[in-house]
Amino acid sequence: MDGCRITPICNHDLHWAGLLHVSVCQTEVLCQKLCTNWFFCLPLHPETTPFKQKTMQIGDQAPEVLGIDEDGQEIRLSQFRGQKLVLYFYPKDNTAGCTAEACSLRDNYSELRKQGYAVVGVSVDSAASHQKFKAKHELPFPLIADTDHTLVEQMGVWAEKSMYGRKYFGTVRTTFLINEEGIIEDIIQGKQIKTKTHGEQLLAR
């Protein structure tokens, strides 16, 4: 079987492959030809592995450990007990849409707090990138640096995307509204999100 080897997949993906071994290409892209056995052919890098991940739904319990913020502090769901939480996922620091969304949440932060909401942002950018982004735009809420993709995968927002005919994996812009007991009450995703007025959009719900 040219260009491929048999290797056990990690425990993270056992649910997807039915506890079987898989055939993994030694290149970073999917095989361009059909392998000569019945195993799946997958890329080596986990961030591009098309495993089937759970998608969080309204009524689900949000995970307790959310991640590490820009200052290296662990953020846990239990820190917000008794508060509602806006947990919003965005693709990348300092891009036009993500900056507009963050600034809208900043501008409406006082009113969101009055309505009982805390705000936490998440992207797969580094802590250093978050520090610069937060300082530049004077954001009053923490930004989780989910560099290992743990939370984006847990929440089901790490998915295949396409731009100008090129397919890649990235974060789907998504906002979860979580109640005082840690239960997801609402999900706003993709084109439903109005980045320039997202703060007002949340206050109107």
- Any idea how many residues of the stretch 179-205 are part of a loop (DSSP other than H, G, I, E, B) and under 18 Å from GLN61 (Cβ atoms)? 4
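Of the residues GLU138, GLU153, only one is acidic (Asp, Glu) and either within 11 Å of the chain's Cα centre (by Cα) or buried (at least 18 other Cβ atoms within 10 Å of the Cβ) (or both); which?
Numbers: GLU138 fails: either within 11 Å of the chain's Cα centre (by Cα) or buried (at least 18 other Cβ atoms within 10 Å of the Cβ) (or both).
From the options GLU138, GLU153, the qualifying one is GLU153.
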- Hits in the stretch 143-186 - residues which are at pLDDT 95 or above and on the phi > 0 side of the Ramachandran plot: HIS149, GLY156, GLY182
- Within the stretch 142-174, residues being farther than 14 Å from LEU66 by Cα and free of Cβ contacts under 8 Å to residues at least 40 places away in the same chain number 8
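Which one of SER123, SER129 is within 8 Å of the chain's Cα centre (by Cα) and in contact (Cβ under 8 Å) with a residue 12 or more places away in the chain?
Working: SER129 fails: within 8 Å of the chain's Cα centre (by Cα).
None of the other options fit; the residue is SER123.
Taking the stretch 165-177 as the search range and keeping residues that are touching an Asp or Glu at 6+ places or on another chain (Cβ under 7 Å) and of a type outside the set (D, E, K, R), which one is surrounded by the fewest Cβ atoms within 10 Å (Cβ to Cβ)? Reasoning before the result, please.
Narrowing the stretch 165-177 to residues touching an Asp or Glu at 6+ places or on another chain (Cβ under 7 Å): 167, 169, 177.
Now drop any that are not of a type outside the set (D, E, K, R), which leaves 169, 177.
Working: PHE169: 17, LEU177: 19.
Out of the qualifying residues, it is PHE169.
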- Task: Give just the number: which of (1) under 15 Å from THR195 (Cα atoms); (2) out of contact with any helix residue (DSSP H, G or I) (no Cβ under 6 Å at 6 or more places or on another chain); (3) not charged (D, E, K, R) does LEU105 not satisfy?
- Result: (2)
- Query: When you scan the stretch 63-178 for strands (runs of 3 or more DSSP E) that lie fully inside it, which ones turn up with 2 or more residues that are in the same structural domain as LYS194 (by TED's automatic domain parsing), farther than 20 Å from GLU200 by Cα and not aliphatic (A, V, I, L, M)?
  - Reply: 74-76, 158-163, 166-171
- Test GLN189 against the criterion of being modelled with pLDDT of 95 or more, farther than 20 Å from VAL65 by Cβ and within 17 Å of the chain's Cα centre (by Cα), and give yes or no. yes
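The values are calculated or read from the model by the stated rules, or taken from the named source; none is laboratory data. Source: prediction; values computed, not measured. Ideal geometry is used to build each Cβ from the backbone, glycine not excepted, and the neighbour counts take in all protein chains shown.
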